[in-house]
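The values are calculated or read from the model by the stated rules, or taken from the named source; none is laboratory data. Only a predicted model underlies this, so the values are computations on that prediction, with no experimental measurement involved. Glycine also receives a Cβ, built like all others from the backbone with ideal geometry; neighbour counts cover every protein chain displayed.
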Amino acid sequence: MLARPSRASGVTLIELVIGMAIFAGLLALASPSMTSWMQNGQIRVAAMGIQNGLQLARITAVQRNTVVSFFLTSSLSNGCVTSTAGPNWVVSLNDPTGQCAAAPDESLAPRIVQVRSGSEGSGNAVLAADQSGISFNGLGRLVNAGAASRVAIDISNTAGGSCVASGGSVRCLRVWVSAAGQVRLCDPGAAQSDVRAC
């Protein structure tokens, strides 16, 4: 009696090629939304970092009952200057201009509490602030708001396109600081009935 040849189990080359073609098609369809998701993620990381820095400055001011400031800076080197478009931030008791590379130490000038580089997870984020320094007093209120009732920092991502509020696809964010010192993250592109709206 002759034995029947056994049929091998597995995937044929044709099935493998068809599977790869389907996977490539799905990947091509998902690519634009994945890019948009990444650009929006960088904006959110930058906005939350700024919000956390502002809250740290306010809390430190209340704890020490003294004026503590949040500064946007051009860099974290000793050649730094404060800037309304600075991607980095420094929380300190004195103006850190020209001393941003100093180690955090509240006893030595510029008495830095904490620093954050703008490239930490949000390298493409672009900032536009009303002012480069925001100071809080011992009661947690804004000191240098001037005539404004609040200070705004807008965060966008020009690498991803224009903001939803301008008809684009990028979800830009804004950080508001009220005269009372409340720090709030909001979305200028959200409908006014939405709790996330500015």
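In the set (1) touching a residue at least 24 places away in the same chain (Cβ under 8 Å); (2) more than 30 Å from G138 (Cβ to Cβ); (3) within 15 Å of the chain's Cα centre (by Cα), the condition left unmet by S77 is number (3). The numbered conditions (1) more than 17 Å from V177 (Cα to Cα); (2) surrounded by fewer than 22 Cβ atoms within 10 Å (Cβ to Cβ); (3) touching a residue at least 60 places away in the same chain (Cβ under 8 Å) are all true for S83 except (3). One residue stands out among those in region 165-184 that are under 19 Å from N124 (Cα atoms) and out of contact with any Gly (no Cβ under 7 Å at 6 or more places or on another chain): the one that is surrounded by the most Cβ atoms within 10 Å (Cβ to Cβ), which is L173.
Close Cβ contacts (under 6 Å, 6 or more residues apart or on different chains) running from residues in region 103-121 that are more than 17 Å from L54 (Cα to Cα) to residues that are at pLDDT 90 or above and part of a strand (DSSP E or B) comprise P110/S92. If the condition is being modelled with pLDDT under 85, buried (at least 17 other Cβ atoms within 10 Å of the Cβ) and over 19 Å from V62 (Cα atoms), then region 140-160 contributes only G160. Residues in region 63-74 that are crowded, with 16+ Cβ neighbours inside 10 Å and more than 13 Å from L142 (Cβ to Cβ): F71, L72, T73, S74.
So which of N94, N65, N124, N78 ends up being of a type outside the set (F, W, Y) and within 20 Å of V175 (Cβ to Cβ)? The conditions single out N124.
Taken over region 93-134, the residue count meeting the criterion of being under 22 Å from D154 (Cα atoms) and either out of contact with any Pro (no Cβ under 9 Å at 6 or more places or on another chain) or hydroxyl-bearing (S, T, Y) (or both) is 14.
The condition of being among the hydrophobic types (A, V, I, L, M, F, W, C), in contact with a Ser or Thr (Cβ under 6 Å, 6 or more places away or on another chain) and in contact (Cβ under 8 Å) with a residue 60 or more places away in the chain holds for only one of C163, C172, that being C172. Consider region 104-118 and keep the residues that are assigned to a loop (DSSP other than H, G, I, E, B) and under 23 Å from the mean Cα position of the chain (by Cα). The one that is surrounded by the fewest Cβ atoms within 10 Å (Cβ to Cβ) is P104.
Among the residues of region 119-139, are any surrounded by fewer than 21 Cβ atoms within 10 Å (Cβ to Cβ), touching a Lys or Arg at 6+ places or on another chain (Cβ under 8 Å) and among the acidic types (D, E)? No - not one qualifying residue is present in region 119-139.
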